[in-house]
Amino acid sequence: MEGIQVQKHENETIKPLDPEEFRKQGHMVIDFLADYYENVEKYPVRSQVQPGYLRQRLPESAPCEPEPLEEILRDVQKDIVPGITHWQSPNYFAYFPSSGSTAGFLGEMLSTGFNVVGFNWMSSPAATELESIVMDWLGKMLKLPNEFLFSGGGGGVLQGTTCEAILCTVVAARDQMLKKIGRENINKLVVYGSDQTHSALQKAAQIAGINPNNFRAVSTTKADAFGLAAEALRSTIEADIEAGLVPLFLCATIGTTSSTAVDALNPLCEVGKEFGIWVHVDAAYAGSVCICPEFRHFLDGVENADSFSFNAHKWFFSTLDCCCLWVKNPGALVKALSTYPEYLRNKASESKQVVDYKDWQITLSRRFRSLKLWLVLRSYGVDNLRKFLRSHVNMAKNFEGLIAMDKRFEVVVPRNFSTVCFRISPIEIGKNQIITMEEATNNFNSKLLESINESGKIYMTHAVIGGVYVMRFAVGASLTENWHVNLAWKVVQEHANALLNMS
Ligand SMILES: *Cc1c(COP(=O)(O)O)cnc(C)c1O
């Protein structure tokens, strides 16, 4: 009896899902975050802590007694915020954006609140059905051909990230091919991208058991603006066939990570078709802006691809994670990825009238991600989303214009979207150096970028494109306005002046 009483007492001390506590504490966290957004510009954009900073600040083990939320939030402010790199800052121009929004956040909140595990239709019909509907909506906004939509025999699914989306498509293509040529030939399969393709492809090939010698990163050139040339792909494929290998998969990119280069889909898909390979189009960053008619031409040719993906968590106002993937032949995904254990058996699945998204992805359990997209689309509307994305492109154009007025700087590759790749030109530096002009220029730009980022005023990252070190100015944070861009340019100039005077 005593034991049971202790048990009862313990259960009364915490109330993990008490509605009143939830309401009160939930409001506190929202207030905390609203204050955070209001003050986000006061923090250095790139976190300035040293490795291991947090262990010095936090206790060695978890508390035995409950602590009040007020105190926990004080510690978030004191100990966590300094270790945050502020992706939501209007002065954040690094990597690609992680564009938050109120609608995206609220959708995430609803999804987390319901906390359903929507692996199959039965486990929460709304989770599956809303996802299919929202993916069709988005597909129409992008003017994807009907074959990618459910009504056309294809369909869309929300994956966590592009890495997962590419892995799923590689695995689908692999199994489709091995069925034809025999499992024992897996070592002959070849996967193609360019030297600008995201490392996600290499990782996918590795996990999918593709022979590491059969991963081709076809060279790109400045003359082709670092896009993958169809002729270079063709000759690589022909050499592989000559060597007795089997071409399997091409990942073409719209908006590469380093320089936002664009692979021309029409000629590449033609080559793909000719050799019977699966063509995936990765538009992780740039896909969003293709909802604007004036950018849609970048997707021309997608009608001949097998799958297409973009990250709504990059530049589409949805919180991480939210990668939108469409395939023409969901059956290929399902064949490669489905299992049907007894404990998941149900009438709806057996009726074959429903989508069971567990068979379209790696994991079984899955989040109700479509709610955040639904909220974003409904709260803002397609017209406003287009306008907002255009405003980012215009800010990047403005930055480009500022660069053009300072002859010490140059834009290194043509800007396609809202990312500008630039540097201090070689003419100004590298005098009296033992190393080559190019090396000196690269070193100088790298030093300049580090000094800018150390200041905490803005944050940019770099890329090396065709041997040239560039600073990347990626516009897309939701709070960024044009005056932030003007100010960012001043910061760049100030740091350049200081470094040039020193050298
Ligand atoms: C960001 C990016 C990826 C990786 O996206 P994840 O969602 O982090 O896996 C892949 N491809 C391109 C072109 C990207 O820009």
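Brief remarks on what is shown
- The condition (being of a type in the set (Val, Ile, Thr), closer than 22 Å to Tyr92 by Cα and buried (at least 22 other Cβ atoms within 10 Å of the Cβ)) is satisfied by just one residue among Val485, Val491: Val485.
- Contacts under 8 angstrom Cβ, first residue in the stretch 153-174 being of a type in the set (D, E, K, R), partner within 16 Å of the ligand (Cβ to nearest atom) and assigned to a loop (DSSP other than H, G, I, E, B), 6 or more apart: Glu164/Gln361; Glu164/Ile362; Arg174/Ala208
- Criterion applied to Ala396, Ala332, Ala336, Ala348 was being out of contact with any Cys (no Cβ under 7 Å at 6 or more places or on another chain), small (Gly, Ala, Ser), assigned by TED's automatic domain parsing to the domain that holds Phe422 and part of a helix (DSSP H, G or I), and the one residue passing it is Ala396.
- For the stretch 253-292, residues that are assigned to a loop (DSSP other than H, G, I, E, B), among the β-branched types (Val, Ile, Thr) and over 16 Å from the mean Cα position of the chain (by Cα) total 1.
- The single condition from (1) crowded, with 24+ Cβ neighbours inside 10 Å; (2) touching a Ser or Thr at 6+ places or on another chain (Cβ under 6 Å) that Val218 fails is (1).
- Looking across the stretch 263-290, just one residue is of a type in the set (Asp, Glu) and farther than 21 Å from Thr220 by Cα, and that is Glu274.
- Looking only at the stretch 302-316, residues that are part of a helix (DSSP H, G or I) and surrounded by 24 or more Cβ atoms within 10 Å (Cβ to Cβ) come to 5 in all.
- Residue in the stretch 408-429 that is closer than 22 Å to Phe298 by Cα and either exposed (fewer than 15 other Cβ atoms within 10 Å of the Cβ) or free of Cβ contacts under 8 Å to residues at least 40 places away in the same chain (or both) present: yes
- Residue check, Leu250 assigned to a strand (DSSP E or B) and either more than 16 Å from the ligand (Cβ to nearest atom) or aliphatic (A, V, I, L, M) (or both): yes
Rundown of residues vs (1) within 16 Å of the ligand (Cβ to nearest atom); (2) surrounded by fewer than 20 Cβ atoms within 10 Å (Cβ to Cβ); (3) closer than 16 Å to Gly155 by Cα; (4) not assigned by TED's automatic domain parsing to the domain that holds Thr480, yes/no style:
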position: Ala264; (1), (2), (3), (4): yes, yes, no, yes
position: Glu270; (1), (2), (3), (4): no, yes, no, yes
position: Ala283; (1), (2), (3), (4): yes, no, no, yes
position: Ser288; (1), (2), (3), (4): yes, no, no, yes
position: Pro293; (1), (2), (3), (4): no, yes, no, yes
position: Asp300; (1), (2), (3), (4): no, yes, no, yes
position: Ser318; (1), (2), (3), (4): yes, no, no, yes
position: Cys323; (1), (2), (3), (4): yes, no, yes, yes
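- Taken together, Lys490, Lys447 contain a single residue that is farther than 16 Å from Ala396 by Cβ, part of a helix (DSSP H, G or I) and touching a residue at least 24 places away in the same chain (Cβ under 8 Å), which is Lys447.
- Odd one out for Gly209 among (1) under 30 Å from Val468 (Cα atoms); (2) outside any strand (DSSP E or B): (1)
- When Glu65, Glu41 are checked against the criterion of being out of contact with any His (no Cβ under 8 Å at 6 or more places or on another chain) and either among the hydroxyl-bearing types (Ser, Thr, Tyr) or in a helix (DSSP H, G or I) (or both), Glu41 stands alone in meeting it.
- Consider the stretch 78-94 and keep the residues that are crowded, with 19+ Cβ neighbours inside 10 Å and of a type in the set (Ser, Thr, Tyr). The one that is nearest to the ligand (Cβ to nearest atom) is Tyr92.
- Among the residues of the stretch 145-184, those identified as part of a helix (DSSP H, G or I) and within 16 Å of the ligand (Cβ to nearest atom) are Thr162, Cys163, Glu164, Ala165, Ile166, Leu167, Cys168, Thr169, Val170, Val171.
- Residue match in the stretch 231-243 (condition: of a type outside the set (Asp, Glu) and either within 16 Å of the ligand (Cβ to nearest atom) or at positive phi (or both)): no
- Among residues of the stretch 150-178 being of a type in the set (S, T, N, Q) and at pLDDT 95 or above, the one that is farthest from the chain's Cα centre (by Cα) is Gln176.
- Enumeration of residues in the stretch 356-374 that are hydrophobic (A, V, I, L, M, F, W, C), touching a Phe, Trp or Tyr at 6+ places or on another chain (Cβ under 7 Å) and buried (at least 22 other Cβ atoms within 10 Å of the Cβ): Phe368
The values are calculated or read from the model by the stated rules, or taken from the named source; none is laboratory data. Nothing here was measured: the structure is a model prediction, and the numbers come from that model. Positions of Cβ are generated from backbone atoms using ideal geometry, with glycine treated the same way; all protein chains shown enter the neighbour counts.
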